[in-house]
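The values are calculated or read from the model by the stated rules, or taken from the named source; none is laboratory data. Owing to the predicted nature of the structure, the values given are computational and were not obtained by experimental measurement. All Cβ positions, even for glycine, are placed from backbone atoms using ideal geometry, and neighbour counts span all protein chains on display. Note: areas computed on protein heavy atoms with side chains; ligands, DNA, RNA excluded. Shrake-Rupley method; radii C 1.70, N 1.55, O 1.52, S 1.80 Å.
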Amino acid sequence: MSDAEQTRQNILTVAADEIHQHGFKATSLSVILNRCEISKGALYHHFTSKIELGYAVFEEIYTPMFLDLWQSALAVEDPVEGLCTFFTSMTEQMSCSEVVCGCPLNNLCEEMANVDEGFRLRILSMQEQLNQSIVDALEKINDDLRDGLALSQVSYFIVATLNGATTLSKSSRNKELFKQVIAELCLYIRALKK
């Protein structure tokens, strides 16, 4: 990796952390510059604006990280159990800072979807990719599922419930509440089977 590529990657990594900690609007470019130990010119060499930097963080850091996490749950032989294992492990591994700060992707979606059309379209694309991944995984075990399920709606419900649980735990700073919602979500997912 060239020096320019390393600088760009470092900017993205630091910006992703700052956005997670403070939100997009409150993220300071001067803090990013200080943490990266670069000049404003170096930043603008890679990103013409803060919004372009935000798009890059969303597309290159948050979205792949998010989709990869889900893929590990969906790639197993039984995606129903894969999802429940995935969600349960979240409840066990969630740190106190994650309870307070919430999911970086969910936070950015809540903050920017109604403010910026570029973010809204990127969020929609990511949500459609995730939804299709869940549908594809469930279709592989379709014979084991109850008849008449609208898998696209099931998928959106699963994601919406997880996002809601994340938002609830963040706003209440209550990890136990997250665990309770996830337990109910797993009951729902397992009930998809005959």
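Could you tell me whether LEU151 is open to solvent by less than 60 Å² (accessible area, probe 1.4 Å) and in contact (Cβ under 8 Å) with a residue 40 or more places away in the chain? Talk me through it step by step, then tell me what you get.
On the way: open to solvent by less than 60 Å² (accessible area, probe 1.4 Å): yes; in contact (Cβ under 8 Å) with a residue 40 or more places away in the chain: no.
Spelling it out, it is not the case that LEU151 is open to solvent by less than 60 Å² (accessible area, probe 1.4 Å) and in contact (Cβ under 8 Å) with a residue 40 or more places away in the chain.
Scan the stretch 77-91 and tell me whether some residue there is of a type in the set (A, V, I, L, M, F, W, C), farther than 27 Å from THR13 by Cα and touching a Ser or Thr at 6+ places or on another chain (Cβ under 7 Å).
From the stretch 77-91, those of a type in the set (A, V, I, L, M, F, W, C) are 80, 83-84, 86-87, 90; that's our starting set.
Subset that is farther than 27 Å from THR13 by Cα: 80, 83-84.
Then drop every residue that is not touching a Ser or Thr at 6+ places or on another chain (Cβ under 7 Å), which leaves none.
Looking for residues that are of a type in the set (A, V, I, L, M, F, W, C), farther than 27 Å from THR13 by Cα and touching a Ser or Thr at 6+ places or on another chain (Cβ under 7 Å), one finds none in the stretch 77-91, hence no.
Cβ contacts < 6 Å: first residue touching a residue at least 24 places away in the same chain (Cβ under 8 Å), restricted to the stretch 60-72; second residue among the β-branched types (Val, Ile, Thr) and in a helix (DSSP H, G or I), any location; separation 6+ or different chain. Result?
As it stands, the answer is none, since no pair meets every condition given.
Only one of (1) without any contact (Cβ under 8 Å) to a residue 40 or more places away in the chain; (2) of a type outside the set (Phe, Trp, Tyr); (3) open to solvent by less than 50 Å² (accessible area, probe 1.4 Å) fails for ARG8. Which number is that?
Failed condition: (3).
Assuming LEU29 fulfils every condition listed in (1) crowded, with 18+ Cβ neighbours inside 10 Å; (2) at pLDDT 95 or above; (3) not hydroxyl-bearing (Ser, Thr, Tyr) apart from one, which condition is it?
If we test LEU29 against (1) crowded, with 18+ Cβ neighbours inside 10 Å; (2) at pLDDT 95 or above; (3) not hydroxyl-bearing (Ser, Thr, Tyr), just (1) comes out false.
Test of understanding: among THR85, THR91, which residue is open to solvent by 60 Å² or more (accessible area, probe 1.4 Å) and hydroxyl-bearing (Ser, Thr, Tyr)? If you could, list the steps in order and put the result at the bottom.
Working: THR91 fails: open to solvent by 60 Å² or more (accessible area, probe 1.4 Å).
Criteria check complete, one pass: THR85.
Quick check on the stretch 74-99: of everything there that is among the acidic types (Asp, Glu) and at pLDDT 85 or above, which residue is nearest to GLY23 (Cα to Cα)?
So the residue we want is GLU81.
Scan the stretch 154-179 residue by residue and report those that are of a type in the set (A, V, I, L, M), open to solvent by 50 Å² or more (accessible area, probe 1.4 Å) and at pLDDT 90 or above.
ALA160
Of (1) at pLDDT 95 or above; (2) open to solvent by less than 30 Å² (accessible area, probe 1.4 Å), TYR62 satisfies all except one. Which?
TYR62 satisfies every listed condition except (1).
Given the conditions (1) surrounded by 17 or more Cβ atoms within 10 Å (Cβ to Cβ); (2) in contact (Cβ under 8 Å) with a residue 40 or more places away in the chain; (3) among the small types (Gly, Ala, Ser), report the number of the one that ALA75 does not fulfil.
(1)
Here are the criteria: (1) open to solvent by less than 50 Å² (accessible area, probe 1.4 Å); (2) more than 24 Å from the chain's Cα centre (by Cα). Tell me which single one GLY23 does not satisfy.
The number of the failed condition is (2).
Considering only residues of the stretch 45-76 that are assigned to a helix (DSSP H, G or I) and more than 23 Å from the chain's Cα centre (by Cα), which is nearest to VAL14 (Cα to Cα)? So that I can check it myself, show each step before the final result.
Looking only at the stretch 45-76, we keep the residues that are assigned to a helix (DSSP H, G or I), and these are 45-46, 50-74.
Still in the running and more than 23 Å from the chain's Cα centre (by Cα): 45-46.
On the way: HIS45: 16, HIS46: 14 Å.
Restricting to residues being assigned to a helix (DSSP H, G or I) and more than 23 Å from the chain's Cα centre (by Cα), the top hit is HIS46.
Could you list, in sequence order, all residues of the stretch 18-44 that are in contact (Cβ under 8 Å) with a residue 12 or more places away in the chain and not in a loop (DSSP other than H, G, I, E, B)?
First, pick out the residues of the stretch 18-44 that are in contact (Cβ under 8 Å) with a residue 12 or more places away in the chain: 18-21, 23-25, 27, 29, 31-32, 35-36, 38, 42-43.
Matches in the stretch 18-44: GLU18, ILE19, HIS20, GLN21, LEU29, VAL31, ILE32, ARG35, CYS36, ALA42, LEU43.
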